Amino acid sequence: MKKLVVMGLAMAMTVSMMNGVCAQPVHAAKGKGLKVALLMSGAANDQGWNQTAYEGAQKACDKYGCELAYTENLEAADISAAFADYASAGYDVVIGHGYEFGDPALEVAETYPATKFICTESDASSDNVASYVMACEQTAYVEGIIAASMTKSDKLGAIGPIQGDSLVKIVNGYEDGAKSVNPDIEVQTAWTNSFVDTQLAQEAAKAMIENGVDVIKHCANACGNGAIAAAVDADIWCQGDSYDQSSLAPENILDSAIYNLDVVIDKAIESVVDDSFEGDVYNLGMADGAVEVLLSDNLTDEVKATAQDAIDKIVSGELEVERDYTLRD
């Protein structure tokens with residue numbers, strides 16, 4: 001198992017030239033010496049789901065003066081061992097990024113009660129396990145509105161990696177948003193069974209395009225970059241996920257669903273630093289700054305206004321987006 005320790009995350013400090021005393025930020029002083037590890041199923045530089053978590057962890061550890069290590073590209077069978085390795089090495093906090101880390105965290109946590117285990121997109125909780133769930137269905141709903149407003153064929157495509165709850169809720173939210181604009185719109189779905197194989201997403205996207213789809217949304221981590229490539233090749237619209245993916249297809253990206261993992265991980269680490277940690281499941285959405293939709297200039301002013309109206313209503317609570325984990329036909 002490859003472990004990479006990120007160095008250089010020492011506490012920020014200001015120096016008083018008058019007396020030579022270093023004034024340490026309060027948070028950094030509290031978190032000094034705290035050892036944090038991040039586990040990811042993909043690459044830390046995937047320009048998507050894993051990169052936003054890695055950068056979020058870096059930012060939080062800088063803020064609190066923690067030491068950060070990470071393991072990337074973990075296979076499901078290796079997750080429990082990775083949790084145990086870090087816990088046995090004395091890490092105070094181990095973060096598993098993705099719903100697939102929930103059950104292994106619960107399994108290992110019993111053996112290491114002094115370690116705090118944090119999971120994203122999971123419902124796992126115990127005395128020393130807490131989960132943070134982002135309302136990704138909110139961003140997907142807005143993206144569905146955008147797609148339904150931009151399509152000419154009334155056929156949309158949604159590509160995910162595996163049929164897990166955190167991904168199904170995105171696809172369902174997307175469909176619900178699209179059908180709020182046009183109840184008769186068609187949303188074709190495909191599952192690649194991979195988070196990293198771009199070829200699989202590209203092939204799925206090509207099949208959709210051949211079937212008349214002219215807007216494609218992915219939520220497939222690095223794998224989804226293949227869907228974007230297919231959209232560029234066919235010169236149709238596409239929608240990014242997790243990260244600002246406009247640089248991958250400047251002329252084709254309509255928007256990107258942004259998951260602000262810095263907000264999520266900051267809250268998690270703060271709870272340990274401030275000794276307020278409680279094993280529970282915490283929900284964070286647009287109103288908390290945890291998720292947002294980045295609109296591109298490829299959208300018309302009218303569609304931008306429509307999307308922004310939906311965003312404002314979600315933030316205010318006027319519009320409630322259903323979180324549906326049901327795998328639809």
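The values are calculated or read from the model by the stated rules, or taken from the named source; none is laboratory data. Just so it is clear, the model here is predicted, and its values are computed rather than measured. Because the Cβ atoms are built from the backbone with ideal geometry, glycine has one as well, and the counts that use them run over all protein chains shown.
Data table
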| item | result |
| --- | --- |
| Residue within the range 252-267 that is over 13 Å from the mean Cα position of the chain (by Cα), assigned to a helix (DSSP H, G or I) and on the phi < 0 side of the Ramachandran plot present | yes |
| Candidates Ile253, Ile311, Ile269, Ile258, filtered to the one that is without any contact (Cβ under 8 Å) to a residue 60 or more places away in the chain and hydrophobic (A, V, I, L, M, F, W, C) | Ile253 |
| Unique residue being outside the structural domain of Tyr174 (by TED's automatic domain parsing) and in contact with a Ser or Thr (Cβ under 9 Å, 6 or more places away or on another chain) when the list is Asp62, Asp127, Asp103 | Asp103 |
| Helices (runs of 4 or more DSSP H) lying entirely in the range 25-118 (those with 2 or more residues that are modelled with pLDDT of 95 or more) | 49-64, 79-88, 102-109 |
| Top-ranked residue of the range 45-81 - restricted to ones that are polar (S, T, N, Q) and under 27 Å from Ile162 (Cα atoms), ranked as farthest from the chain's Cα centre (by Cα) | Ser80 |
| Given (1) farther than 19 Å from Val281 by Cα; (2) free of Cβ contacts under 8 Å to residues at least 40 places away in the same chain, number of the condition Ala147 does not satisfy | (2) |
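Each row is one residue, and each column tells you yes or no for (1) in contact with a Ser or Thr (Cβ under 9 Å, 6 or more places away or on another chain); (2) outside any loop (DSSP other than H, G, I, E, B); (3) free of Cβ contacts under 8 Å to residues at least 40 places away in the same chain.
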{"position": "Asn193", "(1), (2), (3)": "no, no, yes"}
{"position": "Leu200", "(1), (2), (3)": "yes, yes, yes"}
{"position": "Ala204", "(1), (2), (3)": "yes, yes, no"}
{"position": "Gly212", "(1), (2), (3)": "yes, no, no"}
{"position": "Gly224", "(1), (2), (3)": "yes, yes, no"}
{"position": "Val232", "(1), (2), (3)": "no, yes, yes"}
{"position": "Cys238", "(1), (2), (3)": "no, yes, yes"}
